[in-house]
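Comments concern the structure below.
Read-outs: derived from the displayed coordinates by stated rules, not from any lab. Since we're looking at a predicted model, the values are computed, not measured. Quick reminder, even Gly has a Cβ in these numbers, built from the backbone with ideal geometry, and neighbours come from all protein chains shown.
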Amino acid sequence: MGPASADPGERTYDTVARTLHWLMFALIAAQFAIAWTMPEIEPDTPQEGLVDWHLSVGAAILSVAVLRLMWRVIRPTPLMAAMKPWERRLARATHDTLYLLLIVLPLLGWAAAGFFGYTVRLFGVLTLPALAAKGTHWAEVAGDIHAVLTNVLLAVVGLHVAGALYHYFILRDRVLQRMLPGV
Ligand code: HEM
Ligand code: HEM
């Protein structure tokens, strides 16, 4: 809780929530950079280089998403009390969609990894079981949906960032500061 909070006594995101939020941001940025640079994945593409990085970073994203959701259940942070009803509805819908995508998108990628016969490892730490056997038809479809949903994620993140900037530059309230380190 920052001393300069507009409404003293109002809860803001704690250090754990802020750390997980920006860790997730860094992982997603890295994941798009990897995915846009890695070779097109075909049935005979070997699991090496950036393709292997994509699987590991993806496994990290899924892990952090689960941690974040658990933290949100233990220590939920209410939206700022001063927000208007339409702002609350839009913010809640955006946050819920983001959480949903952060779980569903990696799960579909994990299934697609099975289709290609890849082994998903969280770097050297943990090996995840295959969700589907190599060549399974539904897992190939999962890969197609995975590719489409990455664009949906980009669009929803864009809306989310526009909301943060709207609060900072137009409304000039402290919504953005709630998520910044040390403010
Ligand atoms: C939020 C996390 C993730 C993002 C943003 C992401 C992003 C992407 C993008 C942009 C592509 C290229 C799609 C295209 O061809 O147009 C891709 C493909 C792929 N990703 Fe991910 N990915 C994520 C998580 C994962 C995870 C966790 C796995 C596996 C453990 C994974 C496995 C794959 C595979 C196998 C493909 C090839 C799919 C196909 O061509 O059918 N991804 N991903
Ligand atoms: C990959 C990109 C991002 C993802 C997936 C993401 C996801 C989320 C989620 C799920 C929440 C809701 C937290 C909760 O209440 O449990 C949240 C809150 C927030 N995010 Fe992001 N975020 C991203 C990038 C950004 C960026 C770039 C900014 C700033 C420009 C930002 C600013 C905020 C702010 C200010 C809040 C708190 C909103 C409030 O007080 O209600 N986020 N984010």
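In this structure, does PRO39 turn out to be touching a Phe, Trp or Tyr at 6+ places or on another chain (Cβ under 8 Å) and surrounded by fewer than 14 Cβ atoms within 10 Å (Cβ to Cβ)?
Spelling it out, it is not the case that PRO39 is touching a Phe, Trp or Tyr at 6+ places or on another chain (Cβ under 8 Å) and surrounded by fewer than 14 Cβ atoms within 10 Å (Cβ to Cβ).
If the requirement is being within 14 Å of ligand 2 (Cβ to nearest atom) and part of a loop (DSSP other than H, G, I, E, B), which of these qualifies: ALA162, ALA81?
None of the other options fit; the residue is ALA81.
Restricting region 43-86 to residues that are of a type in the set (Gly, Ala, Ser) and more than 14 Å from the chain's Cα centre (by Cα), which is nearest to LEU131 (Cα to Cα)?
Looking at the filtered set, the residue picked out is SER56.
Determine if region 116-125 includes at least one residue that is in contact with a strand residue (DSSP E or B) (Cβ under 6 Å, 6 or more places away or on another chain), on the phi < 0 side of the Ramachandran plot and outside any helix (DSSP H, G or I).
The answer is yes; a qualifying residue exists.
Taking the criterion of being in contact with an Asp or Glu (Cβ under 7 Å, 6 or more places away or on another chain) and crowded, with 18+ Cβ neighbours inside 10 Å, would at least one residue in region 159-170 satisfy it?
Looking for residues that are in contact with an Asp or Glu (Cβ under 7 Å, 6 or more places away or on another chain) and crowded, with 18+ Cβ neighbours inside 10 Å, one finds at least one in region 159-170, hence yes.
Between a first residue in region 114-137 that is closer than 20 Å to LEU27 by Cβ and a second residue that is within 16 Å of ligand 2 (Cβ to nearest atom), which pairs have beta carbons less than 7 Å apart while being 6 or more apart in sequence or on different chains?
LEU122/ALA60; LEU122/SER63
Is it true that LEU154 is among the aliphatic types (A, V, I, L, M) and within 11 Å of ligand 1 (Cβ to nearest atom)?
yes
So is LEU98 crowded, with 16+ Cβ neighbours inside 10 Å and in contact with a Leu (Cβ under 6 Å, 6 or more places away or on another chain) or not?
no
May I ask you to list the residues in region 21-77 that are within 11 Å of ligand 2 (Cβ to nearest atom), touching a residue at least 12 places away in the same chain (Cβ under 8 Å) and not in a helix (DSSP H, G or I)?
Hits for region 21-77 are ARG75, THR77.
Please work out if ALA142 is more than 16 Å from ligand 2 (Cβ to nearest atom) and in a helix (DSSP H, G or I).
Spelling it out, ALA142 is indeed more than 16 Å from ligand 2 (Cβ to nearest atom) and in a helix (DSSP H, G or I).
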